[in-house]
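> Dumping the structure here so I can ask a few things about it.
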2 protein chains.
Amino acid sequence: MPTSTRNVFVTEDEPLRSNWLAAFPDAQLESLSASKHLRKAGIIWLRLPYEGDIGAVVQRILKRGQTPFWGLSPSVPVVALSDEPRDEEGLVALRAGASGYCNGYAAPEVLQQVAQTVQQGGVWLGQSLLQKLVATTAQQAPRDVPVSRDWAASLTEREIMVAQAVALGASNKEIAERLGITERTVKAHLTATFEKLHVRDRLQLTLLVNGMR
Amino acid sequence: MPTSTRNVFVTEDEPLRSNWLAAFPDAQLESLSASKHLRKAGIIWLRLPYEGDIGAVVQRILKRGQTPFWGLSPSVPVVALSDEPRDEEGLVALRAGASGYCNGYAAPEVLQQVAQTVQQGGVWLGQSLLQKLVATTAQQAPRDVPVSRDWAASLTEREIMVAQAVALGASNKEIAERLGITERTVKAHLTATFEKLHVRDRLQLTLLVNGMR
DNA sequence: GCCCTTACTGTACCTTCGTACAATGGTTTT
DNA sequence: AAAACCATTGTACGAAGGTACAGTAAGGGC
């Protein structure tokens, strides 16, 4: 699927350059302090600074992608990237007008996914953020829905259970007790899971399950 | 990207059958009143009924895709479809746990786009709905998160470095090499960190640092 | 000078994790 | 019926994680 749109990455430092280029080989890097217009960009990826008024930064970048017209702005969508995504930060970014908020270290495939979504007028945000949004409007917590699930695609029912438990910080022993099986069986499920998901240990599995890599 | 996931459409009447089949040739149609489990489905598309408790319907379908465990559900994502989408209706559906809300008459390409997004743990919703959500939370958002963002407060500089590395999935050995110290020292920092943050191991530390507990 | 904190290191020991090489019984698919 | 997959368990062993009980060295404050 050829991404013909221009992807412009706005950042001060560029530790993620390679990651972004992996997702969009023709990506263009821009300085945050530049004032050049970005109307021709397809998507503006804004690497959020560690400190300062996030909202203001987002809005400034948004302006650079705008074609002012009658107070309306058929502007270029801005996706906020953060090294350490936090729901609060995401909220600020979205409120300021961002069309998406995700981890700058996200896998290339994920970034491409985000690009497609955003480009079609959609909005991309993590499950937990949305839950939070929905929850606040409702005064009730739908405590029920966790995060991503494509990781579970190749796993069996039992393997998913164990993986979920691990991702919550449970030990093999605890999981075994909870499921009423032996620790050995838990290990068996885990070994199979590691193999299927190409992760080396429970820590990496946790990161994967929780959508942080 | 071959869509190997099973797309199950839950509906009473099926005026949209052809539209869905155009998007997913191997789609499977299910009755709303059926009680069969749908754990193996990749995505459950729920055609919302015109009347009744939308939220309850969504939750019932969600349950059919769940693997109950620890109150968590590595469940099959449910996308609510409506013939005439309204923001309020979408809100109810999402609040009930749906991963998406869109027009059932949407073009096949759009449906496929929605599928991809949802499958990767994303959430699909229209711009206006999102705007509404963000706007509503704008007034009451600040007090929203009790999650400790100050996990690093009591840690020394070195301990923070190690904790961050651990939270990225690094092993003690890797951290030692990166920091140019011995593995033993890494352990020392970690032991101190566990003690200060009241966590028992690196996994729990990771969850804490990444704001998931 | 003395105390405290921080960073660093060593040896030893125990626990937990993960894998290798198995096996059994059940269900589903072919 | 055979093949394939799944859940389960066993023994054994090396690797990694974590703790106990030390010590050295540098810097700041009283």
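The values are calculated or read from the model by the stated rules, or taken from the named source; none is laboratory data. Here the structure is a predicted model, which is why all the values come from computation and not from measurement. Cβ coordinates were reconstructed from backbone atoms using ideal geometry, including for glycine residues, and neighbour counts include every protein chain displayed.
> When the residues of the range B:187-201 are narrowed to those that are hydrophobic (A, V, I, L, M, F, W, C) and more than 8 Å from DNA strand C (Cβ to nearest atom), which ends up nearest to A:Glu174 (Cα to Cα)? Write out each step before concluding.
Start the filter on the range B:187-201 by keeping residues that are hydrophobic (A, V, I, L, M, F, W, C), which leaves B:188, B:190, B:192, B:194, B:197, B:199.
From what's left, more than 8 Å from DNA strand C (Cβ to nearest atom): B:190, B:194, B:197, B:199.
On the way: B:Leu190: 23, B:Phe194: 20, B:Leu197: 21, B:Val199: 16 Å.
Only one residue fits best here, namely B:Val199.
> Taking B:Tyr105 and the conditions (1) modelled with pLDDT under 75; (2) more than 16 Å from DNA strand D (Cβ to nearest atom); (3) surrounded by fewer than 17 Cβ atoms within 10 Å (Cβ to Cβ), which numbered condition does it fall short on, given that it satisfies the others?
Result: B:Tyr105 passes all but (1).
> Continuing with this model, one more query. Please go through the range A:191-213 and give me each residue that is more than 9 Å from DNA strand D (Cβ to nearest atom) and of a type in the set (A, V, I, L, M), ordered by number.
A:Leu197, A:Val199, A:Leu205, A:Leu207, A:Leu208, A:Val209, A:Met212
> Count, please, the residues in the range B:175-213 that happen to be closer than 17 Å to A:Leu207 by Cα and surrounded by 15 or more Cβ atoms within 10 Å (Cβ to Cβ). I'd like the intermediate steps shown before the answer.
Step one: filter the range B:175-213 for residues closer than 17 Å to A:Leu207 by Cα, giving B:201-213.
Of the ones still in play, those that are also surrounded by 15 or more Cβ atoms within 10 Å (Cβ to Cβ) are B:202-212.
Of the residues in that region, 11 qualify.
> Would you point out the residue of the range A:174-190, among those that are more than 8 Å from DNA strand D (Cβ to nearest atom) and modelled with pLDDT under 95, that is nearest to the other protein chains (Cβ to nearest Cβ)?
A:Arg178
> Moving on. Looking at B:Glu84, B:Glu89, can you tell me which residue is modelled with pLDDT of 75 or more and surrounded by 15 or more Cβ atoms within 10 Å (Cβ to Cβ)? Write out each step before concluding.
Working: B:Glu84 fails: surrounded by 15 or more Cβ atoms within 10 Å (Cβ to Cβ).
Going through B:Glu84, B:Glu89 in turn, the sole match is B:Glu89.
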